[in-house]
Amino acid sequence: MVKEKFMKDTKTIKTAHVLPPDTNHHGTLFGGKLMAYIDDVASIAATKHARNIVVTASTDSVDFLQPIKEGDAVTLEAMVTYTGRSSIEVCVKVTSENLLTGEIVVAAISFLTFVAVDENGRPTPVPQVIPQTEGEKWLNETAQNRAGHRKARKQHSQELADFFAEN
């Protein structure tokens with residue numbers, strides 16, 4: 001197994017035209033459709049990094065910043081930003097482009113975590129991700145803070161699950 005891989009080598013881009021079946025009654029892209037696109041492109045980036053089967057462990061957040069309108073192009077850029085022993089954090093930047101005017105806006109940001117698994121479904125080691133640019137270094141350095149929030153949120157989710165199991 002390769003011990004290290006560059007962040008840039010995991011970059012994955014997906015672009016789609018937002019058509020009427022993809023939109024809600026406001027004429028904007030369904031949130032669930034965008035979330036499916038995010039998970040898809042992020043899983044490809046994680047798999048490119050691990051060169052192994054990966055499963056989604058968490059979606060930390062999907063912050064919808066701007067609506068994505070019917071007729072726009074939606075582009076998702078995913079890149080591995082941090083790795084643990086078997087875990088892989090992926091950042092997805094979503095932009096919307098008005099194809100008639102050329103205006104591009106950042107429409108959403110999302111962080112997801114994947115775990116690489118072997119043929120028995122057990123976690124398996126992944127290469128360390130290496131940042132090179134200043135932006136990549138910042139994303140990598142701030143990952144520990146996101147991991148702390150993720151851990152606290154997971155603990156709270158477990159407490160909620162225990163509560164609902166009892167009630």
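A few comments on the model shown:
- Residue within segment 117-132 that is closer than 13 Å to ASP60 by Cα and out of contact with any Pro (no Cβ under 7 Å at 6 or more places or on another chain) present: no
- Here SER58 clears all of (1) open to solvent by less than 30 Å² (accessible area, probe 1.4 Å); (2) modelled with pLDDT of 95 or more; (3) in contact with a Lys or Arg (Cβ under 7 Å, 6 or more places away or on another chain) except the condition numbered (2).
- Contact annotation: residue pairs with Cβ atoms under 7 Å, 6 or more positions apart or on different chains, pairing a residue in segment 128-139 that is modelled with pLDDT of 95 or more with a partner that is among the acidic types (Asp, Glu), are GLN128/GLU4; ILE130/GLU4.
- Residues considered: VAL18, VAL74, VAL94. Of these, the only one that is in contact with a strand residue (DSSP E or B) (Cβ under 7 Å, 6 or more places away or on another chain) and closer than 26 Å to GLN144 by Cβ is VAL94.
- Filtered residues of segment 88-138 (kept if hydroxyl-bearing (Ser, Thr, Tyr), open to solvent by 40 Å² or more (accessible area, probe 1.4 Å) and either part of a strand (DSSP E or B) or touching a His at 6+ places or on another chain (Cβ under 9 Å) (or both)): none
- Looking across segment 69-115, the residues that are under 17 Å from HIS49 (Cα atoms) and touching a Phe, Trp or Tyr at 6+ places or on another chain (Cβ under 8 Å) come down to THR81, SER87, ILE88, GLU89, VAL90, CYS91, VAL92.
The values are calculated or read from the model by the stated rules, or taken from the named source; none is laboratory data. Note that the structure is a prediction, hence the values are computed from the model and not measured. Because the Cβ atoms are built from the backbone with ideal geometry, glycine has one as well, and the counts that use them run over all protein chains shown. Areas reflect the complete protein model, heavy atoms only, side chains present, ligands, DNA and RNA absent. Shrake-Rupley method; radii C 1.70, N 1.55, O 1.52, S 1.80 Å.
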